[in-house]
Amino acid sequence: MLWLEQRPVPSDKMRWLSPLIAVVLTVLTGLLMFALLGKDPWQGFEVFFINPLKSTYAISELVLKATALALCAAGLAVGFRANVWNIGAEGQFIVGAICATVVAVHMGSHPGFTLVLMVVAGLAGGAAWAAIPAFLKTRFNASEILVSLMLVYVADLLASWLVFGPLKDPMGLNFPQTVMFESEALLPILVQGTRLNLVLGFVLIVLMATYILMYRTHLGFKMRVAGESPKAARYAGVSAKAMVWLGLLIGGACAGLAGMAEVAGPMGQLTDKISNGYGFAAIIVAFVGRLHPLGIGLAALLMALFFIGGEQSQQYLGLPGSISMVFQGMLLFYLLASDVLIRFRIRWGREGQSPAPPAASARVPEDGATT
Amino acid sequence: MSINLFESILFATIVAGTPLLLVALGELVTEKSGMLNLGAEGLMSVGAVSAFAIALTMDSTVAGLVAGMVAGILLSLVYGFITIHLMANQVATGLAVAIFGVGLSAFLGKPFEAKVLEAVPRTVVPYLSDLPLIGRALFAQQWMVYVSWVLLALIIWFLARTRAGLALKAVGESPVSAHAIGLPVIRIRYFAVMFGGAMAGLGGGFISVFHTPMWTEGMIAGKGWIALALVVFATWRPSRVLLGAYLFGGVMISQLFFQSSEVQIEIPSQFLSALPYLATILVLVLISSNVKMIRMNSPASLGKPFLKENA
Amino acid sequence: MKRRMILKAGLAAAATSMMLQAPMALADDPAKIGFVYVSPIGDAGWTYQHDLGRLEMIDNLGDKVTTTFVESVPEGADAERVIREMAASGHDLIFATSFGYMNYVERVAKQFPNVRFMHATGYKGGPNFLNYNARFYEGRYLTGIIAGEMTKSDILGYVAAFPIPEVLQGINAFTLGAQSVNPDIQVRVIWVNSWYDPGKEREAAQALIAQGADVITHHTDSTAVVQAAQDQGAYAVAYHSDMSKYGKDAHLTATTHHWGPYYTEIAERMLEKEGMGESIWGGFKEGFVELAPINPVVPQAVQDKVAEVTEQIREGEFHPFTGPIVGQDGKEVLAAGQTMTDEQLGKMNFYVKGVNSKLPK
């Protein structure tokens, strides 16, 4: 009989190995799926996993897609570490995009200055939208999970109202879109002939900043403690409320920045189609990346691969586009499942027959998140 | 407001509230055992697509609903295994279920898109349906609505009056103590999770087989999340879930009636469409701020894994 | 085993990427035509009609062409990649069938000057980039006549997605058509804020019927409105496709879209290496719009009248937006005898009198 025995000390090796296991399992299941769907598994593998890497343009698209995911995920990870569950990154993304758009459309075009202002607007907009669940949680104990999620729908409708109304391009034949941004309000392209723009720089900065915050500052230490063991945190004098605010604001700001990069980058305007699921995919990226900036960078590339692979599968294999979501969900499941190997090892024999004594405490948050 | 209009709104409200009622009741039972399953949206989606597909191919509404429940059970078992046996974080796993369920249902539902199912006829209760004001709304509905009320009654009875219900609540309050007195905590939690999955699948099936009746990807459109909020709104009491479900249904419906009334309203339709979500937030704030009430009513071990070693 | 798998994958990748990168079509190779769809094809609706057009084109041109299509491409930044992928993989002609692709088509068209791009319902163009649209409002006017005659309550319902010009043209034309035979009608609009949400569409239809509408129509992509009408014993006028099989008693007719002949023409131009031609906004005259067969429950006299006005529209003798047209506020929008120009139509942002909804400001 296979059974799980708790390890004396959680395995660091498994912490980094388990995402790899999850990826391999996902790929294998994917191959099986392709076969079951009547497609040649190798062709499926190639279209899904290799095609997105086949040219400079393709790689630039992969990186571009990954930047939005990495930005959102880096911010979310800070919150998740502190046990603050921001599910509304999608809404914060949208509001960040809206605020950046308002600047782009109304503040005239000044080289350099407009963009800086747009960045600030994106950060502020996203943070403000995240402040709502933060406030409602700290003041009224309302679940940040549900509030932030409801606000996603509200943000989407808000964007729709704005592009049909106050922000509508007067020369746009009454279609729900703003004017196209002037070139001063667009992020400069980094690689000629591609769409990869300065957002890559933002990502690197944010990843470094969150790394420094979480692993090199006292505040970050407090946040991690708060997430792992609220009781210990209370002894250490960490304010639970401060954690909620920080976790949500940082997550919101990063998502808002990603939103700004979307309208100031590949879109070049705000339309009612601004929402495309980055905020939710980022949650998976954060987990697969082990809530660590380096892991998040890699995980974002992987998820971008899944997205683009799904598109390629549609065009070349005739598979439905939703195959990406299936892969993403599977990846997360396998990750959560293989994570068990961090705290437990698999043993043969009868349960309880291991020589190792049971451990004091496992790396499990004592107080799970409650609604 | 004319009588007819009131009846119509009440009628539509009950229809809109029924899937919420079903899903929320299921999640309530799950949470009573201490398991927090955020995957309702995904469970409803796979339930909806399965119910529709089977109802269509086997030309049987009941077969469809059964299929919906089975789909919900299967997906919730994935959640159960990962959180109960592998003791993974319940919030993350629930989210994975939500995302995966929506994607999988879209994927599997491809061949069934825009196919048409015969509408399920209304089951009109004689005499009662002729009651003024409420007769049509309450007693001239499709039969699944009546089933939802029966299920509500059963769950109320189960939780309040049976030993099994007591055991469930004990596990939710303190799995360690429950284990100490010999209750099979793991098994009870699995059952609670599967029941939640079945109800969510049923709720999804109601939407795709009774309400619309068709399948389209993304058709659940957030109702799973609203159902989760309903459980909090109801402070984990089944009778309150009924109130909440119809209240939310009412909010979702009335904005449509506003828009189409004779009165010309200046309110943007996007704002009206946002009302159910804003209402959910408001309700959460009002209920949750009464911390004492929350602490008294929410299962104490909600969201925490059960570690045998700690028992 | 793993190494062999990687080797195999690598070889396959190399081989396929060589094939994919080959833009050189030999003279006898069929031309590749790509279609970018905004929603699933399904059984009815906007994309379904475009796909019918594609199939008709294949029918007409046989093995001179092969087609590729990608469904449910969102109208955001991802669209550019999909369109570009098509252009880069040897397609000679690409149809982008939704407004939101416009700016992306423009960009890709500049990068691929040898590929022809056709964009539906837009307003930008370029040397290798045209747009095409249909005068759906002509059909709406005609269905309005039928609705105006068939209603007993004088309340007509409209389930609409978003207030873009095409939708407003439809609502106004429908209202004008109904008023031409029945000046007392009112049109009530519900905005569902989605092109495809059968649940909400159904609830909206039911709300309209509950408030007295006995003929309803829609500008959304699903068949829910027709089904709801059938369920409640009301009449329905469908849009995009003939939806009579979804409501045999309720379905009066539909304004249907026909892209086949136009797609064939454009493909032939490409095959014959002729010039791009011009952007086009075609109606009944060009065969872009037709009415579905009218339900026999509609009296013959009404059907005859509709046939008569249809002919007038087809010959160009009658324009649905002919003055006098009065707005909701009572002010005259178009003087008697004048017809609305294409430019005015394209920018439409008002309701005619008789529509009971307020436009978002």
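Read the figures in this text as sums done on the coordinates, not as results from a lab. Note that this is a predicted model, so its numbers are computed, not measured. FYI the Cβ positions are ideal-geometry reconstructions off the backbone, even for glycines, and counts take in every protein chain you see.
P(r) of the stretch C:227-361 in 10 Å steps, Cα pairs, percent per bin?
Calculated P(r), rounded to whole percents: 10, 26, 34, 24, 6, 0.
In nm, to one decimal, how far is the A:Gln43 label point from the C:Glu265 one, both placed 7 Å along Cα→Cβ?
In this crude label model, A:Gln43 to C:Glu265 measures out at 3.7 nm.
Answer with one residue from A:Ala134, A:Ile189, A:Val102: the one whose Cα lies farthest towards the positive end of the charge dipole of the stretch A:69-193, charges on Cβ with Lys, Arg +1 and Asp, Glu -1.
Farthest towards the positive pole: A:Ala134.
Could you give the dipole magnitude of the protein assembly as shown about its Cα centre, charging the beta-carbon of Lys and Arg +1 and that of Asp and Glu -1, in debye to the nearest 20?
5300
Would you mind checking which residues have amide H under 5 Å from C:Thr67's amide H? H placed 1.01 Å from N; only 5 or more apart, or other chain.
So C:Thr67 has HN proximity to C:Ile33.
I'd like the GluC sites (Glu not before Pro) in the stretch B:235-311 restricted to DSSP loop residues with at most 14 other Cβ atoms within 10 Å, sorted by number.
B:Glu262, B:Glu266
Taking θ as phi - 60°, what are the ³J(HN,Hα) couplings along the stretch A:310-317 by the Karplus curve (6.51, -1.76, 1.60), each to the nearest whole Hz, with x for Gly and Pro?
With coefficients 6.51, -1.76 and 1.60, one gets x, 4, 4, 4, 4, 6, 9, 10 Hz.
So if I take the centroid of the Cα atoms in the stretch C:258-312 and the same for the stretch A:292-310, what is the distance between those two points in Å?
Taking the Cα centre of each part, the stretch C:258-312 and the stretch A:292-310 sit 48 Å apart.
Can you give the local net charge around B:Gly103? Use residues other than it whose beta-carbon is closer than 13 angstrom to its beta-carbon, Lys and Arg +1, Asp and Glu -1. Walk me through the numbers before you get to the answer.
On the way: positive: B:Lys110; negative: B:Glu41, B:Glu217.
Once positives and negatives cancel, what remains is -1.
Only loop residues by DSSP count here, and only those with at most 16 other Cβ atoms within 10 Å; note down the chymotrypsin sites (Phe, Trp or Tyr not before Pro) in the stretch C:282-361 that meet that.
Of the chymotrypsin sites (Phe, Trp or Tyr not before Pro), the ones in loops of the stretch C:282-361 whose Cβ has at most 16 other Cβ atoms within 10 Å are C:Phe318, C:Phe350.
Using +1 at the C-beta of Lys and Arg and -1 at the C-beta of Asp and Glu, which of A:Val84, A:Pro266, A:Ile346 has the Cα lying farthest in the positive direction of the dipole of chain A?
It is A:Ile346.
Compute the Rg to Rh ratio over chain B from the alpha carbon atoms, using the Kirkwood formula for Rh, and round to two decimal places.
0.99
Taking only the C-alpha atoms, wrap a convex hull around the stretch A:68-288 and report its volume per residue in Å³ as a whole number.
In the stretch A:68-288, the Cα hull volume divided by residue count equals 119 Å³.
At 7 Å along Cα-to-Cβ for each site, give me the label-to-label distance between C:Lys110 and B:Asn4 in nm.
Those two pseudo-labels are separated by 5.8 nm.
Mind listing the long-range amide H neighbours of C:Phe129? Cut-off is under 5 Å, sequence gap 5 or more, other chains count too, H placed in the peptide plane at 1.01 Å from N.
Residues meeting the amide H criterion: C:Phe117.
Where does the charge balance sit around B:Glu217 when Lys and Arg score +1, Asp and Glu -1, over other residues with C-beta under 14 Å from its C-beta?
-3
Amide H neighbours of C:Gly122 under 5 Å, counting only residues 5+ apart in sequence or on other chains, H built in-plane at 1.01 Å?
Counting only residues 5 or more places away or on other chains, the set is C:Tyr132.
Between A:Asn83, A:Asn174, A:Asn197, find the one with the highest GNM mean-square fluctuation for chain A; connect C-alpha pairs within less than 10 Å.
Evaluated over chain A, the most mobile residue of the options is A:Asn174.
Apply 1/(1 + (r/R0)^6) to the Cβ-Cβ distance of A:Leu17 and A:Ile189, taking R0 = 35 Å, and write down the FRET efficiency to the nearest 0.05.
The value I calculate is 0.40.
Do you know the relative contact order of chain A, to the nearest whole percent, from alpha carbon pairs under 8 angstrom that are 6+ apart?
Relative CO of chain A lands at 36 percent.
Which value, in debye to the nearest 20, describes the size of the charge dipole of the stretch A:18-99 about its Cα centre when Lys and Arg Cβ atoms bear +1, Asp and Glu Cβ atoms bear -1, and nothing else is charged?
With only Lys, Arg, Asp and Glu charged at Cβ, the dipole is about 120 debye.
Just want to confirm a number: the relative contact order over chain B, from Cα pairs under 8 angstrom separated by 6+ residues, in percent.
36
Taking only the alpha carbons of the stretch B:123-269, what extent do you get along each of the three principal axes, in Å, biggest first?
If we take the Cα atoms of the stretch B:123-269, the spans are 65, 40, 28 Å.
Under a 10 Å cutoff between Cα atoms, tell me which one of B:Met194, B:Met69, B:Met296 has the largest fluctuation in the Gaussian network model of chain B.
B:Met296
For chain A, what is the mean residue ellipticity at 222 nm derived from helices alone (per DSSP H run of n ≥ 4: -39500 (n - 2.57); sum divided by total residues; nearest 500 deg cm²/dmol)?
The helix contribution divided over chain A gives -21500 deg cm²/dmol.
So for the protein assembly as shown: antiparallel DSSP bridges make up what percent, rounded to the nearest 5?
Roughly 25 percent of the DSSP beta bridges within the protein assembly as shown come out antiparallel.
How well do other chains shield peptide B:279-285, expressed as the mean number of their Cβ atoms within 10 Å of each residue Cβ?
What the average comes to for B:279-285 is 6.
Applying the Karplus parametrisation 6.51 cos²θ - 1.76 cosθ + 1.60 with θ = phi - 60° to the phi angles of the stretch B:122-130, what ³J(HN,Hα) value in whole Hz is obtained for each residue in order, glycine and proline being reported as x?
Rounded to whole hertz, the list is 6, 9, 8, 7, x, 6, 4, 6, 8.
Provide B:Ser239, C:Ser72, B:Ser105 in ascending order of the number of other Cβ atoms located within 10 Å of each residue's Cβ, fewest first.
Values: B:Ser239 12, C:Ser72 16, B:Ser105 32.
Fewest to most other Cβ atoms nearby, the residues stand as B:Ser239, C:Ser72, B:Ser105.
Need the C-alpha centroid separation for the stretch A:84-139 versus the stretch B:152-167, integer Å.
Result: 48 Å between the Cα centres.
Let me check against my output: what whole-number percent is the relative contact order of the stretch A:68-288, with C-alpha pairs under 8 Å and at least 6 apart?
Details: 431 pairs, mean separation 98.2, N = 221.
Relative contact order, the stretch A:68-288: 44 percent.
Which of the listed residues, A:Thr210, A:Ala233, A:Ser275, is farthest toward the dipole's positive end in the stretch A:184-294, when Lys, Arg count +1 and Asp, Glu count -1 at the beta-carbon?
A:Ala233
Treat the count of other C-beta atoms within 10 Å as a stand-in for reagent exposure and order B:Phe107, A:Phe93, A:Phe221 from fewest to most.
Ordered from fewest to most neighbouring Cβ atoms within 10 Å, B:Phe107, A:Phe93, A:Phe221 come out as A:Phe221, B:Phe107, A:Phe93.
Which ³J(HN,Hα) values, rounded to whole Hz and listed in residue order, are derived for the stretch C:283-294 from phi using the Karplus coefficients 6.51, -1.76 and 1.60 in 6.51 cos²θ - 1.76 cosθ + 1.60 with θ = phi - 60°, glycine and proline given as x?
Each residue's phi maps through the Karplus curve to give x, 4, 4, 8, x, 6, 10, 9, 9, 6, x, 7 Hz.
What GluC sites (Glu not before Pro) in the stretch C:316-361 are in a loop by DSSP, with at most 11 other Cβ atoms within 10 Å of the Cβ?
The qualifying sites are C:Glu317.
Please work out the Kirkwood hydrodynamic radius for chain A, using every pair of different C-alpha atoms, and report it in angstroms with one decimal place.
21.8
Would you compute, from DSSP H runs of 4+ residues alone, the mean residue ellipticity of chain B at 222 nm, taking -39500 (n - 2.57) per run and dividing by the full residue count, rounded to the nearest 500?
Values: 13 runs with 210 residues, N = 311.
Helix contribution divided over all residues of chain B: -22500 deg cm²/dmol.
Just rank C:Trp195, A:Trp348, fewest to most, by other beta-carbon atoms within 10 angstrom.
The order, fewest Cβ neighbours first, is A:Trp348, C:Trp195.
Return the calculated 222 nm mean residue ellipticity for chain C, to the nearest 500 deg cm²/dmol, obtained by summing -39500 (n - 2.57) across DSSP H runs with n ≥ 4 and dividing by the residue count.
-13000 deg cm²/dmol
With 10 Å bins from zero, work out the P(r) of the protein assembly as shown over every alpha carbon pair and list the percent per bin.
2, 11, 20, 24, 21, 14, 6, 2, 0, 0
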